[in-house]
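Everything on this sheet refers to the single structure shown next.
Derivation of every value follows stated rules applied to the coordinates shown; laboratory data play no part. These figures come from a predicted structure and were not determined experimentally. When we count neighbours, we look across all protein chains shown, and the Cβ atoms used for this are built from the backbone with ideal geometry, even at glycine.
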Amino acid sequence: MSTSLEKAIHGFESYLSAGRGYSKNTVRAYLADVQDLIAYIKKQNIENVEDLNLEHLRSWLWQGTQNGLTKSTIARKSASVRSFSAWALKSELSDQDAAIRLRSPKAGRTLPKVVSRESLKTIFDELILKATEDNPQGVRDLVAVELLYASGARVSELVGLNLESVDYSRKLLRVMGKGSKERMIPFGQPAQDALDMWIRVARPKLATETSGQALLLNSRGTRIGVRQVYSLVANLLAGTPTGAAGPHSLRHSAATHLLDGGADLRAVQEMLGHASLGTTQIYTHVSVERLRAGYQNAHPRA
């Protein structure tokens, strides 16, 4: 019995959401990609899942490249439809996996933008000046940036922290990462000092009956959002020499500075919550590039 593409995508959404370990952003991106594919092939009078074939997929991706999509976007779209096609076969909605031989371009690996230690010192000096007892938002901002840089946590992980997520005696954060995987991340004394001032003095001034267990609060006393943290960090990083922007730059910087200081690669992998060591290894390339630049600028025979 034929299954329409529209009906299939609802089943695919349930499959992605039902304990597959995908983040909400990944589910949203995969569904958007498959919906885009369906809109494309329906123009060719393809209505049912079983009629989807490899040439349709290749044509769809080719159109994406003609529209200026980056290699990384094309690679993600390929992953989306491979997942959809494999699910359709497994669910007996089709008798073939149309995407099994679909190849996508390897995403070009670009080096992350890293904030220098000097720039970070200037940023923290500015935040500390504003983090006074009569400015609870200033204390909160200091805590947010200290924790992002100290732990290398993702901004979504930061805003999801609760009061019980902090182990003060051992200086550890318990964060919930991608795929609902929990991990422990250490933080240093500056972050500890900022947290202490936040919990003792500043947070009580913002907290309301609806604050619950959220660690970081906005001016209304509710959990701070990703956009607010992104805006805060983007403003702080504006004008830094490397052009870094957004909370992820602090994550890149934390990883690179740890490796520059001799930290073990696997320890940094665990701290960042990377499933693959290869993902973490990109930060060793950052360090090598900085070493090469320093050599070329300073060595008389460079």
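What to note about this one:
- Furthest towards positive pole of dipole, ILE74, LEU54, ILE41, structure part the range 5-90, Cβ charges: ILE74
- Dipole axis of the range 115-231 (+1 Lys, Arg; -1 Asp, Glu on Cβ), positive-most option in VAL159, PRO204, PRO136: VAL159
- Charged-residue dipole, Cβ positions (Lys, Arg, Asp, Glu), the range 113-153 about Cα centre, Debye nearest 20: 240
- In the chain the Cα-Cα distances spread across 20 Å bins starting at 0 as 28, 47, 24, 1 percent of all pairs.
- Dipole magnitude (debye, nearest 20) for the chain, charges at Cβ of Lys, Arg, Asp, Glu: 560
- Cα pair distances exceeding 19 angstrom across the range 212-280, given as percent: 52
- Electrostatic dipole magnitude of the range 5-90 [Cβ: Lys, Arg +1; Asp, Glu -1; Cα centre; debye, to 20]: 380
- Against the chain, whose longest principal axis is taken from its Cα atoms, helix 5-17 shows a tilt of about 30°.
- Evaluating 6.51 cos²θ - 1.76 cosθ + 1.60 at θ = phi - 60° for every residue in the range 150-165, the Karplus couplings come out as 5, 9, x, 6, 6, 4, 5, 6, 4, 5, x, 5, 10, 4, 6, 6 Hz, glycine and proline recorded as x.
- Kirkwood Rh in Å, taken over all unlike Cα pairs in the range 117-297: 17.0
- Between SER4 and THR284, the modelled labels are 5.3 nm apart [label points 7 Å from Cα along Cα→Cβ].
- Hz values of 3J(HN,Hα) by residue in the range 262-276 - Karplus curve (6.51, -1.76, 1.60), Gly and Pro given as x: x, 5, 5, 4, 5, 5, 5, 4, 5, 5, 7, x, 7, 6, 10
- Computed from label points 7 Å out along Cα-Cβ, the spacing between ASP36 and GLU270 is 3.8 nm.
- Computed E for ALA86/ARG227 - FRET, C-beta separation, R0 35 angstrom, nearest 0.05: 0.50
- The modelled label-to-label distance between LEU54 and ASP196, using points 7 Å beyond Cα along the C-beta direction, is 6.4 nm.
- Amide H to amide H distances under 5 Å link LEU102 with no residue, where only residues 5 or more positions off or on other chains count and H is placed in the peptide plane.
- Comparing LEU195, GLY273, ALA18 along the charge dipole axis of the chain, the residue lying farthest to the positive side is GLY273, per the Cβ-charge model.
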